[in-house]
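Undergrad: Handing you this structure, nothing more for now.
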Protein chains: 2
Amino acid sequence: MQRWNVAITGFGAIGRTVAGLLLQRQARYAQCHGADVRLTAVCGSRAGLYAPDGLPGPHGPEREAMRAGLTGEEFIERTNAHVLIDAGPTDYETGGAAYGYLRSALSRGVHAIAISKGALIFDLAGLRALAAANGVALKFSGATAAALPTVDLIEHNLAGCRVLKVEGIFTATTNYVLSQMMDGVALPDAVAQAQQLGMAEPDPRFDMDGWDTACKVTLIANAALNANIALNDVERQGINQITPRDIDGWKAAGVVPKLIGEIVPGEHGVRATVTLRTYPREHPFALVGAKMKAISIQTDAMGDVVAICRTSPLATAAAALKDFEHILMKR
Amino acid sequence: MQRWNVAITGFGAIGRTVAGLLLQRQARYAQCHGADVRLTAVCGSRAGLYAPDGLPGPHGPEREAMRAGLTGEEFIERTNAHVLIDAGPTDYETGGAAYGYLRSALSRGVHAIAISKGALIFDLAGLRALAAANGVALKFSGATAAALPTVDLIEHNLAGCRVLKVEGIFTATTNYVLSQMMDGVALPDAVAQAQQLGMAEPDPRFDMDGWDTACKVTLIANAALNANIALNDVERQGINQITPRDIDGWKAAGVVPKLIGEIVPGEHGVRATVTLRTYPREHPFALVGAKMKAISIQTDAMGDVVAICRTSPLATAAAALKDFEHILMKR
């Protein structure tokens, strides 16, 4: 059996969920892929742990067991991982620590799976070039709407088709807030609820102003549609300006508001937008309630394909491990 | 550039659509996969054509150009294909000509893509063993609900997850007939319309009695869920017994009837059924109108994932060429 050492950087709620799921699936990896998968290293922002034979299951190590300073370059250098999964905090300005982890993993021939979006938005092209130069994979299903198939739907299930348009509900927070507002909750209260549910970022403006959707649109366009757009190229609208009168009008008209990320490939590159739209009740998007996401892809030969799913921290972890599974399948 | 010779057996409407789409995508294959793809041979039930350098586009050959007798074993032997796409008629009793074509291709190390279901229902296990023994692929997206991702959705997009239940609207005819009946059309008239639209088989009982859905359920269970069931293991219900009174009752209750194929994996193998079910209007399946198909997959870690798409002969051809694309990607 081939040995696969997995390291996780960023060991908060998502990192721990990934660790738990990975350890829970060890027998499956052996059976389905002939792979002896070990979680050999984890680190947070200040301390890390390296166990050459693998950490015990099912939940991974406690914080107390970690060694101060085993982070950053040293962590990647010393831990001999075959695959790095980054679940650290996101930083759109500089790529943050995640950018350093991904770069040093890829340049050492370590496959990398990113869950947070910051480093990918900061320099996807650079990271992809580094992966290609070192013959390893860079994957990020967890960053592009989690359990919702997006990049893989275009690349795999629609392989061969020309994509004419991508349209999606990619941000849980805005979808939750809009759903609550349609149920009569005031905007600030709906935002507070989303924060209490751990859905919204601490600074909710990132979601509410459409930046989160714009990030996903950017990643999907660049990764699956050969675009080369920056976050600022996305025309963007948020949901902060919505008034109770808007809500009443939509109810009266029998339509449902959604914050939509859209990509339209054209002769001169893609046009990417984040827009507030309304859908009639018989449109599949109208059914995409709070805590759900959806994508609709219009193609030349397969018509429109729609996918809808729920979203949760476990689903995000499972999306990262879907990437891992694809790496196992390819080797 | 690597040369890829493609042969098509069964050259009716679907076979010709596949040929046209393949020829239309030649430049794309070269650009994306470094593959020099040629359509080098086609045959119907009585005659065939072999053009070692490739048939000209965009629609493939006319019937008159075909040579009588260039069919069957001789066709596979003489045409040096790397990939066979079978789009011939389906025969659930014996596998028919398709079974012979698939067996002789696979045993000669030729990748095979099946569009009709007969041979797969007759002996999927035998065909898969033959493919594995010869190190080639056997794929059949076109046989399991066309543009709707089914097997690939489970194997690729949900990789790593345990499937708890699969539920789907897999047959266009029954979905069309049920939709029309809810709009006030009598059952025999709705069936006649489906036949006029080229949707229903010449003998509509195959669709109406649930056999078509049962076939798809059998293939999905065996291909994606490691089951080993026969068509007759599927508990089956059709839609022929539906009365105007049923329709009135469903309308009054605000629900929508659908013929559902379902697979539930359990400790002692899978349970597969075809059942008439009703869904409330806010369920995604309620929106799946005439000429559409849908699947809902319940998983342990990613929750429920739903996919919905339209169905057409072009989409079926595109599904077969998705299989071809996956073969190109793997080499």
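No lab work stands behind these numbers, since they all come straight from the coordinates. Note that the structure is predicted; figures quoted are calculated from it, not measured. Using ideal geometry, Cβ is built from the backbone for each residue, glycine included, and neighbour counts are taken over all protein chains shown.
Undergrad: Counting helices only, and only those DSSP H runs with n ≥ 4, report the 222 nm mean residue ellipticity of chain A as the sum of -39,500 (n - 2.57) divided by its residues, in deg cm²/dmol to the nearest 500. Mind dumping the intermediate values first?
TA: Details: 11 runs with 122 residues, N = 331.
Helix-only estimate at 222 nm: -11000 deg cm²/dmol.
Undergrad: Related question: Suppose a student asked you for the relative contact order of the stretch A:186-263, using Cα pairs under 8 Å spaced at least 6 residues apart; what percent would you report?
TA: Numbers: 51 pairs, mean separation 23.3, N = 78.
That works out to 30 percent.
Undergrad: Taking the number of other C-beta atoms within 10 Å as the exposure measure, put A:ASP123, A:ASP203 in order starting with the fewest.
TA: Numbers: A:ASP123 17, A:ASP203 9.
Neighbour counts put them in this order, fewest first: A:ASP203, A:ASP123.
Undergrad: Here's a follow-up. Rounded to the nearest 0.05, what FRET efficiency do B:ASP300 and A:ASP300 give with R0 = 30 Å and r taken as the Cβ-Cβ distance? Could you check? List each step's numbers first, then the result.
TA: Details: r = 35 Å, r/R0 = 1.18.
About 0.25, to the nearest 0.05.
Undergrad: Here is a further query. Calculate how steeply helix B:172-182 sits against the longest principal axis of the alpha-carbon atoms of chain B, using the helix alpha-carbon long axis, and give the answer as 0 to 90 degrees to the nearest 10.
TA: That helix lies at roughly 30 degrees to the long axis.
Undergrad: Sticking with this structure for a sec: Mind listing the long-range amide H neighbours of B:LEU70? Cut-off is under 5 Å, sequence gap 5 or more, other chains count too, H placed in the peptide plane at 1.01 Å from N.
TA: B:GLY48
Undergrad: Here's another thing I want to ask about it. Round to the nearest 10 and give me the degree value, 0 to 90, for the angle of helix B:211-224's Cα axis relative to the longest principal axis of chain B.
TA: 70
Undergrad: Further, regarding this structure: Given axes a ≥ b ≥ c from the Cα gyration tensor, I'd like to know whether the protein assembly as shown is rounded (a/c under 1.5), prolate (a/b larger than b/c) or oblate. Write out the running numbers ahead of the final one.
TA: Values: a/c = 1.75, a/b = 1.28, b/c = 1.37.
In terms of gyration-tensor shape, oblate.
Undergrad: Still on this structure, please answer the following. Which of A:GLY303, A:GLY168, A:GLY72 moves most in a GNM of chain A, Cα contacts under 10 Å?
TA: Fluctuation is largest for A:GLY303.
Undergrad: What is the helix-to-structure angle for A:96-107, meaning the angle in degrees between its Cα long axis and the longest Cα principal axis of chain A, kept from 0 to 90 and rounded to the nearest 10?
TA: Rounded to the nearest ten degrees, it is 50.
Undergrad: To check you understand DSSP bridge types, tell me what percent of the beta bridges within chain B (both residues inside) are antiparallel, rounded to 5.
TA: Details: 33 of 53 bridges.
Antiparallel: roughly 60 percent of the beta bridges in chain B.
Undergrad: Mind running the shape call on chain A? Use the C-alpha gyration tensor, a ≥ b ≥ c as the square roots of the eigenvalues: rounded below 1.5 for a/c, prolate if a/b tops b/c, oblate otherwise.
TA: prolate
Undergrad: So if I take the centroid of the Cα atoms in the stretch B:61-82 and the same for the stretch B:151-211, what is the distance between those two points in Å?
TA: 34
Undergrad: With r defined as the distance between the Cβ atoms of B:ASP246 and B:LEU164 and R0 fixed at 35 Å, what FRET efficiency is calculated, to the nearest 0.05?
TA: 0.70
Undergrad: Less than 12 Å Cβ to Cβ from B:GLN24, Lys/Arg counted +1 and Asp/Glu -1: what total charge do the surrounding residues give? Each step should come with its number before you reach the end.
TA: Numbers: positive: A:ARG162, B:ARG25, B:ARG28; negative: A:ASP300.
Summing Lys/Arg as +1 and Asp/Glu as -1 gives +2.
Undergrad: What residue among B:ALA320, B:ALA145, B:ALA230 shows peak mean-square fluctuation when chain B is described by a Gaussian network model with Cα springs under 10 Å?
TA: Per the Cα network of chain B with a 10 Å cutoff, B:ALA230 tops the list.
Undergrad: Find how much the distance from A:ARG46 to A:ARG78 grows on full extension, using 0.36 nm per residue of separation minus their present alpha carbon separation; answer in nm with one decimal.
TA: Numbers: separation 32, 0.36 × 32 = 11.52 nm, distance 1.58 nm.
Full extension of this stretch gives 9.9 nm more.
Undergrad: Residue by residue through the stretch A:36-45, what is 3J(HN,Hα) from phi via Karplus (6.51 cos²θ - 1.76 cosθ + 1.60, θ = phi - 60°)? Round to whole Hz and write x for glycine and proline.
TA: 8, 8, 10, 8, 9, 7, 9, 8, x, 7
Undergrad: Can you tally the net charge around B:PRO149? Count Lys and Arg as +1, Asp and Glu as -1, for every other residue whose Cβ sits under 11 Å from the Cβ of B:PRO149.
TA: Values: positive: B:LYS293, B:LYS322; negative: A:ASP152, B:ASP152, B:GLU155.
Residues near B:PRO149 contribute -1 overall.
Undergrad: Can you give me the relative contact order of chain B as a percent, contacts being Cα pairs under 8 Å and 6 or more apart? Let's see the in-between values first.
TA: On the way: 678 pairs, mean separation 58.4, N = 331.
Relative contact order here is 18 percent.
Undergrad: What length, rounded to one decimal in nm, is gained on full extension from A:THR94 through to A:ASP189, with 0.36 nm per residue of separation minus their alpha-carbon distance?
TA: This chain segment gains 31.0 nm when fully extended.
Undergrad: Considering only B:MET302, B:MET181, B:MET292, give the residue with the highest GNM mean-square fluctuation for chain B, with springs between Cα atoms whenever their separation is below 10 Å.
TA: Of B:MET302, B:MET181, B:MET292, the most mobile in the Gaussian network model is B:MET302.
Undergrad: Taking each residue in A:305-314, count the Cβ atoms of any other chain within 10 Å of its Cβ, then average. What number comes out?
TA: Working: counts 8, 10, 9, 8, 11, 5, 2, 3, 0, 4.
Per-residue shielding by partner chains comes out at 6.
Undergrad: Now, a different point. Distance from the Cα centre of the stretch A:1-51 to that of the stretch B:276-321, in angstrom?
TA: 34
Undergrad: On to the next question. Can you tell me the relative contact order of the stretch A:196-322? Whole percent, Cα pairs under 8 Å, sequence separation 6 or more.
TA: Numbers: 156 pairs, mean separation 23.3, N = 127.
Dividing the mean separation by the residue count of the stretch A:196-322 yields 18 percent.
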